[in-house]
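A.B. asks: Provided herewith is a single structure, encoded as structure tokens, for subsequent inquiry.
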Amino acid sequence: MKTFQTQWHNDDWTQSENIPELDGEQTLILLFGEIDKLPEAIEKMRHLAPHANITGCSTAGEIQGQQVHENGLIATIIAFEKTQIKLIRAVEEADTDSRELGLSLAKQLNETAELCHVFILSDGLEFNASHLVEGMTQELGLDIQVTGGLAGDSQNFVKTHLLFENEVCSSAVVAIGFYGNQLEVSCGTRGGWCSFGIERRITKADNNTLLELDNENALAVYKSYLGELAEQLPASGLRFPLEISEPNKITKVVRTLLAVDEDTGAITFAGNIPNGATAQLMRSNVESLIDGSLEAGKICRHNISHNPQVAILVSCVGRKLVLKQLVEDEIEVISEEFGEKTLLCGFYSYGEIAPYDRHCLAELHNQTMTITAFAEI
């Protein structure tokens, strides 16, 4: 495997003369950033690498090595030598069932022999990503893990975009299948958030919309914890996610607030809110978030026997808001864990997809650092 990173700058890709030599049908190019605003950058990349598989998404921040950028465009080129890749897309329509869509995507990828991993990029606002992942894992089980992330839109939460080959689209999901027995893939996901306050029962919810906690108006209960910060909703909600605990389920998930409805008291989250589960508010600080990233890095590195050539990092926009000018610190601890031979890329997202550990099915997470590492052996 050969890797290379380049940045769109002054109407051209930096060191663009290095790109054509990596072009090929087994090359994957990931573009993270303002794909919807820079069509000339996509056109130039396609000209430089006409045979490569190109995908990517809009973000809330782009990761290049140990650096975090904003409102830019970063391309990571991964030229596999012994691994086949397959890129497919699905677009949401009015009657789309996200679970069935995920099942269909997984079946299409699984039709080809030796599928070893699936990485997905999804619209960050339109899809029910929880159901999407459930559909994929229904087909793939534990043998083929699923990781990925939801596209971002800075801190705007208005519209996110996906890139599929030469086309920029919304309300879509792109799935990448990796094939062969000479690719080792590992993942790790952790948060670093701490719960506080009392646990409350979710007494009324509809998919990713929370309506009542302990039979009380959900928004009123949520605001009672935020105090003066309630006036800054929905933006301030990124700093106070919910930890969801379901009966008879060992692992917990974190859910990030996306929108509030002052008239109905409903709160929309970036993932399913199951009726009958319990919810507890969470908060964090810089140190605990960085520790969470380090733990994700250690888990990912421990579960791969060869040194990875590349690792894709998907971290939540809420973490970025808490870390502020120290945001690159959570990338640096991962870089130190993997070493200089592992190229880091990725983005800040509206949701992260990964199994909590190697014995679990993938789920949609919020407020985590999720790492997918690849070693071609």
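A.B. asks: Restricting to the stretch 28-45, what's the tally of residues that are farther than 20 Å from Cys345 by Cα and either more than 26 Å from the chain's Cα centre (by Cα) or in a helix (DSSP H, G or I) (or both)?
C.D. replies: Initial filter on the stretch 28-45 (farther than 20 Å from Cys345 by Cα): 37, 39-40, 43-44.
Cutting the leftovers down to either more than 26 Å from the chain's Cα centre (by Cα) or in a helix (DSSP H, G or I) (or both) gives us 39-40, 43-44.
Result for the stretch 28-45: 4.
A.B. asks: Across the stretch 84-104, what is the number of residues that are among the aliphatic types (A, V, I, L, M) and closer than 14 Å to Ser122 by Cα? First the steps, then the outcome.
C.D. replies: Narrowing the stretch 84-104 to residues among the aliphatic types (A, V, I, L, M): 85, 87-88, 90-91, 94, 101, 103.
From what's left, closer than 14 Å to Ser122 by Cα: 87-88, 90-91, 101.
So the count comes out to 5.
A.B. asks: Taking the stretch 324-343 as the search range and keeping residues that are part of a helix (DSSP H, G or I) and charged (D, E, K, R), which one is least open to solvent (accessible area, probe 1.4 Å)?
C.D. replies: Per the stated criteria, the residue is Glu330.
A.B. asks: Assuming Thr112 fulfils every condition listed in (1) modelled with pLDDT of 95 or more; (2) over 16 Å from the mean Cα position of the chain (by Cα) apart from one, which condition is it?
C.D. replies: (1)
A.B. asks: Follow-up. Could you check the stretch 195-223 and list, in sequence order, the residues that are farther than 14 Å from Ile267 by Cα and surrounded by fewer than 13 Cβ atoms within 10 Å (Cβ to Cβ)? Step through it out loud before you land on a result.
C.D. replies: So in the stretch 195-223, the residues farther than 14 Å from Ile267 by Cα come out as 195-201, 214-215.
Of everything in the stretch 195-223, those that are farther than 14 Å from Ile267 by Cα and surrounded by fewer than 13 Cβ atoms within 10 Å (Cβ to Cβ) turn out to be Phe196, Ile198, Asn215.
A.B. asks: Taking the residues in the stretch 124-146 that are among the hydrophobic types (A, V, I, L, M, F, W, C) and under 14 Å from the mean Cα position of the chain (by Cα) as candidates, determine which candidate is most open to solvent (accessible area, probe 1.4 Å). Before the answer, list the steps.
C.D. replies: Residues of the stretch 124-146 that are among the hydrophobic types (A, V, I, L, M, F, W, C), as a first pass: 125, 127, 129, 132-133, 136, 140, 142, 144, 146.
Adding the requirement that they be under 14 Å from the mean Cα position of the chain (by Cα) leaves 125, 127, 129, 132-133, 146.
Details: Leu125: 49, Phe127: 17, Ala129: 5, Leu132: 0, Val133: 2, Val146: 2 Å².
Going through the qualifying residues, I end up with Leu125.
A.B. asks: Identify the single condition in (1) assigned to a strand (DSSP E or B); (2) open to solvent by 20 Å² or more (accessible area, probe 1.4 Å); (3) of a type outside the set (Phe, Trp, Tyr); (4) closer than 20 Å to Phe374 by Cα that Glu25 does not satisfy, given that it satisfies every other one.
C.D. replies: (1)
A.B. asks: Taking the stretch 257-291 on its own, how many of its residues are part of a helix (DSSP H, G or I), of a type in the set (A, V, I, L, M, F, W, C) and in contact (Cβ under 8 Å) with a residue 60 or more places away in the chain?
C.D. replies: First pass over the stretch 257-291, keeping only residues part of a helix (DSSP H, G or I): 286-291.
Remaining after also requiring of a type in the set (A, V, I, L, M, F, W, C): 286, 289-290.
Next, from what is left, pick out any that are in contact (Cβ under 8 Å) with a residue 60 or more places away in the chain: 289-290.
Of the residues in that region, 2 qualify.
A.B. asks: Can you tell me which residue among Leu48, Leu87, Leu22 is modelled with pLDDT of 95 or more and within 23 Å of the chain's Cα centre (by Cα)?
C.D. replies: Values: Leu48 fails: within 23 Å of the chain's Cα centre (by Cα); Leu22 fails: within 23 Å of the chain's Cα centre (by Cα).
Residue meeting the stated conditions: Leu87.
A.B. asks: Also: Of everything in the stretch 28-49 that's surrounded by fewer than 19 Cβ atoms within 10 Å (Cβ to Cβ) and touching a helix residue (DSSP H, G or I) at 6+ places or on another chain (Cβ under 9 Å), which residue is farthest from Gln67 (Cα to Cα)?
C.D. replies: Lys44
A.B. asks: Let me ask something else. Looking only at the stretch 147-173, which residues are surrounded by 24 or more Cβ atoms within 10 Å (Cβ to Cβ), within 21 Å of Thr368 (Cβ to Cβ) and in contact with a helix residue (DSSP H, G or I) (Cβ under 9 Å, 6 or more places away or on another chain)?
C.D. replies: Gly148, Leu150, Gly152, Val173
A.B. asks: Is there a residue in the stretch 179-193 that is of a type in the set (Ser, Thr, Tyr), in contact with a Leu (Cβ under 6 Å, 6 or more places away or on another chain) and crowded, with 16+ Cβ neighbours inside 10 Å? Even if it seems obvious, please write down each step before you answer.
C.D. replies: Step one: list which residues in the stretch 179-193 are of a type in the set (Ser, Thr, Tyr), which gives 179, 186, 189.
Imposing the further condition that a residue be in contact with a Leu (Cβ under 6 Å, 6 or more places away or on another chain) reduces the set to 179.
Adding the requirement that they be crowded, with 16+ Cβ neighbours inside 10 Å leaves 179.
Yes: the stretch 179-193 contains one or more residues that are of a type in the set (Ser, Thr, Tyr), in contact with a Leu (Cβ under 6 Å, 6 or more places away or on another chain) and crowded, with 16+ Cβ neighbours inside 10 Å.
A.B. asks: If you check Thr55 against the conditions, is it within 17 Å of the chain's Cα centre (by Cα), in a loop (DSSP other than H, G, I, E, B) and β-branched (Val, Ile, Thr)? It would help to see each step written out before you state the result.
C.D. replies: On the way: within 17 Å of the chain's Cα centre (by Cα): yes; in a loop (DSSP other than H, G, I, E, B): no; β-branched (Val, Ile, Thr): yes.
Here the answer is no, as Thr55 does not meet what is asked.
A.B. asks: Do we have Thr76 as in contact with a Cys (Cβ under 6 Å, 6 or more places away or on another chain) and modelled with pLDDT of 95 or more here? Give the derivation first.
C.D. replies: Working: in contact with a Cys (Cβ under 6 Å, 6 or more places away or on another chain): yes; modelled with pLDDT of 95 or more: yes.
Yes; evaluated as a whole, the condition is true for this residue.
A.B. asks: Check the stretch 92-100 and report whether any residue there is crowded, with 19+ Cβ neighbours inside 10 Å and without any contact (Cβ under 8 Å) to a residue 40 or more places away in the chain. Before the answer, list the steps.
C.D. replies: Step one: list which residues in the stretch 92-100 are crowded, with 19+ Cβ neighbours inside 10 Å, which gives 92, 98.
Restricting the remaining residues to those that are without any contact (Cβ under 8 Å) to a residue 40 or more places away in the chain gives 98.
Yes, the stretch 92-100 contains at least one residue that is crowded, with 19+ Cβ neighbours inside 10 Å and without any contact (Cβ under 8 Å) to a residue 40 or more places away in the chain.
A.B. asks: Given Leu289, Leu321, which one is in contact with a helix residue (DSSP H, G or I) (Cβ under 6 Å, 6 or more places away or on another chain) and surrounded by fewer than 21 Cβ atoms within 10 Å (Cβ to Cβ)? Can you show your working first?
C.D. replies: Values: Leu289 fails: surrounded by fewer than 21 Cβ atoms within 10 Å (Cβ to Cβ).
After ruling out the rest, the residue left standing is Leu321.
A.B. asks: What residue, of Gly346, Gly318, is assigned to a strand (DSSP E or B) and either more than 19 Å from Thr147 (Cβ to Cβ) or not aromatic (Phe, Trp, Tyr) (or both)? Walk me through it before giving the result.
C.D. replies: Numbers: Gly318 fails: assigned to a strand (DSSP E or B).
From the options Gly346, Gly318, the qualifying one is Gly346.
A.B. asks: For the stretch 292-311, check the following and say yes or no: at least one residue is open to solvent by less than 10 Å² (accessible area, probe 1.4 Å), in contact with a Phe, Trp or Tyr (Cβ under 9 Å, 6 or more places away or on another chain), part of a helix (DSSP H, G or I) and more than 30 Å from Arg201 (Cβ to Cβ).
C.D. replies: yes
A.B. asks: Given the conditions (1) of a type in the set (A, V, I, L, M, F, W, C); (2) touching a Gly at 6+ places or on another chain (Cβ under 7 Å); (3) open to solvent by 10 Å² or more (accessible area, probe 1.4 Å); (4) not in a strand (DSSP E or B), and given that Cys116 satisfies all but one, which numbered condition is not satisfied?
C.D. replies: With (1) of a type in the set (A, V, I, L, M, F, W, C); (2) touching a Gly at 6+ places or on another chain (Cβ under 7 Å); (3) open to solvent by 10 Å² or more (accessible area, probe 1.4 Å); (4) not in a strand (DSSP E or B) applied to Cys116, the lone miss is (4).
The values are calculated or read from the model by the stated rules, or taken from the named source; none is laboratory data. Note that this is a predicted model, so its numbers are computed, not measured. No Cβ is skipped: glycine too gets one built from the backbone with ideal geometry, and neighbour counts run over all protein chains shown. The accessibility values were calculated without ligands, DNA or RNA, using every heavy atom of the protein model including side chains. Shrake-Rupley method; radii C 1.70, N 1.55, O 1.52, S 1.80 Å.
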